[in-house]
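Please treat every number below as a calculation from the coordinates, not as lab data. Everything numeric in this text was worked out from a predicted model, so none of it was measured. Glycine also receives a Cβ, built like all others from the backbone with ideal geometry; neighbour counts cover every protein chain displayed.
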Amino acid sequence: MGKTILITGGARSGKSGIAETKALSLAPRAVYIATAEVRDHEMASRVARHQARRGAEWVTHPEPLDLVGALRATDGQGPRLVDCLTLWLTNLMLGGHDWQAEGRALVDALHRQADPVLLVTNEVGGGIVPDNALAREFRDAAGLLNQWVAAAADEVILAVAGLPLKVK
Amino acid sequence: MGKTILITGGARSGKSGIAETKALSLAPRAVYIATAEVRDHEMASRVARHQARRGAEWVTHPEPLDLVGALRATDGQGPRLVDCLTLWLTNLMLGGHDWQAEGRALVDALHRQADPVLLVTNEVGGGIVPDNALAREFRDAAGLLNQWVAAAADEVILAVAGLPLKVK
Amino acid sequence: MGKTILITGGARSGKSGIAETKALSLAPRAVYIATAEVRDHEMASRVARHQARRGAEWVTHPEPLDLVGALRATDGQGPRLVDCLTLWLTNLMLGGHDWQAEGRALVDALHRQADPVLLVTNEVGGGIVPDNALAREFRDAAGLLNQWVAAAADEVILAVAGLPLKVK
């Protein structure tokens, strides 16, 4: 079974950079599974920044919803980096999908991979309780999804100011 | 003196699960001191979820305000799990109590316990500065209370994605 | 070259206290470089609380903007404690300065110091994505600045409930 590595952290904590370095330490080429749906200018410039940092070692595989299918399609092509779980969760919730069923299917799929999978996710539960119910629901869902994937992972890393802190 | 263990972390970081496992590793039966005041449906469903996870090993002792009294009443019944300090602080502040005096009384009481006490609390200071003054005041109070209890604790654990990270 | 130590953490996580203790472990006297601009009563009372905690071992050097100049002016006077980077960033952004250029100049300056520099900063990216674009921009800037300084630092500490967690 391929190794599963979860990299979590706050916004701009250097999660993606840590994950990219780690993926390329496992193999000379890797697949970047991008879950972002580019909906506005802010998102477009963020995606462009991330792409500019990655070099020719990367093949990009965009997939906003069917992460299990993306993992199946790319197994055998080297380490896969999923960036990120919280955007995937956002897409699932906005699209009216059953995120709990999808989350459990993802965990099952992780156990079936031959090549490694690195997953980037966000810590979103460290602030004051949000005012609106939707934000609280998202926060709860993101926390549970992180717990499920962390339980299945061989390694869990917390990014702090661009540095990796080993959790598991 | 009974051991004091503080388990902190963001929302849905798996704090309660870690605390429950730890309490039952100390003794076959434990007391759950619930500080939640059930005020709305969202809170009721959260309490129900937590209770469903706990089994017959647990005696529940609800106490929204008099934590020192609850610890005195339950000492001798095995490990006590206080879940959680931030709800207790909310109850104190909403009720117009002197949370600083209560917090210091709690720290004093922790030093007098024969049986272990595990306390769950929340990291609430990791986001952007909140817009409203009350949220900032709560955030400051929660941070100070966590520092006081952590200073008195024998063990402090940060929950990250359901996993324990040793801080003390 | 003087040692560089970064102390990060959420609001009221005990960052300043940890940094002050650490500075006075390096030398009997230290310089406190205060970046706070006192604009309202809430800030004034926070500054007063911090000053009351510090004793006669400290010389205060207030500097809201020119941190590089403050480091140059105080090198040779013992350890310098910059408290804090996020207020400095706020001052730069509110004043319309180029925070990226200033941030890179700070990192360059850190490499030129003879005496140690301790820098306190805030984790602001651990909550739900803020509603307004300015808060998101600040959050991104603060995260990047923290990464730059952490990369240049000899030691990085995450404050959790008043306790130091070694990151680097």
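Which distances in nm, rounded to one decimal and ordered from shortest, link the label point of C:ASN132 to the equivalent label points in the other identical copies, with labels set 7 Å from Cα toward Cβ?
From this label point to the equivalent ones elsewhere in the assembly: 1.5, 1.5 nm.
Got the relative contact order for chain C handy, in percent, Cα pairs under 8 Å and 6 or more residues apart?
Here the relative contact order equals 39 percent.
Rounding to the nearest 10 and keeping the result within 0 to 90°, find how far the Cα-based axis of helix A:133-152 lies from the longest principal axis of chain A.
Once rounded, the angle reads 30 degrees.
Rounded to a whole number, what is D in µm²/s for the stretch C:48-116 from Stokes-Einstein with the Kirkwood radius over alpha-carbon pairs (20 °C, 1.002 mPa s)?
Rounded to a whole number, D works out at 163 µm²/s.
Give, in nm to one decimal, the length gained when the segment between A:ASP140 and A:THR21 is fully stretched (0.36 nm per residue of separation minus the Cα-Cα distance).
39.9 nm
Nearest 5 percent is fine: what portion of the DSSP beta bridges confined to the stretch B:4-166 is antiparallel?
So the antiparallel bridges amount to about 15 percent of the total.
Can you list, shortest first and in nm, the gaps between the label point of B:GLU57 and those of its counterparts in the other copies, using a point 7 Å from Cα in the C-beta direction?
Label-point separations across copies, in nm and ascending: 4.5, 4.5.
With everything on Cα atoms, drop me the angle between helix B:85-94 and the longest principal axis of chain B, reported from 0 to 90° to the nearest 10.
50
Exceeding 21 Å between C-alpha atoms, which entries from my cross-link table qualify? They are C:LYS3/C:LYS168; A:LYS22/C:LYS15; B:LYS22/C:LYS22; A:LYS15/C:LYS22; B:LYS15/C:LYS168; A:LYS166/B:LYS3.
Where the Cα-Cα span goes over 21 Å, the pairs concerned are A:LYS22/C:LYS15; B:LYS22/C:LYS22; A:LYS15/C:LYS22; B:LYS15/C:LYS168; A:LYS166/B:LYS3.
To the nearest 10 degrees, how steeply does helix A:15-26 sit against the main Cα axis of chain A, on a 0 to 90 scale?
Between helix and principal axis, roughly 20 degrees.
Any idea what the dipole of the stretch B:4-166 comes to, in debye rounded to 20, about its Cα centre with Lys/Arg Cβ at +1 and Asp/Glu Cβ at -1?
For the stretch B:4-166, the charge dipole is close to 480 debye.
Which value at 222 nm does chain A reach when only helices count, each DSSP H run of 4 or more adding -39,500 (n - 2.57), with the total divided by all residues and rounded to the nearest 500 deg cm²/dmol?
-14000 deg cm²/dmol
Shielding by partners for C:117-125, please: the mean number of other protein chain Cβ atoms within 10 Å of each residue's Cβ.
5
If you average 1/r across every pair of different Cα atoms in the protein assembly as shown and take the reciprocal, what Kirkwood value do you get, in Å?
Computed over Cα pairs of the protein assembly as shown, the Kirkwood hydrodynamic radius comes out at 23.9 Å.
State the percent of C-alpha pairs, over all pairs in the stretch A:4-166, separated by a distance greater than 26 angstrom.
21
If we hang a label 7 Å off Cα along the beta carbon direction at C:HIS111, how far is it from the matching labels on the other copies, in nm, shortest first?
Shortest to longest, the spacings are 5.0, 5.0 nm.
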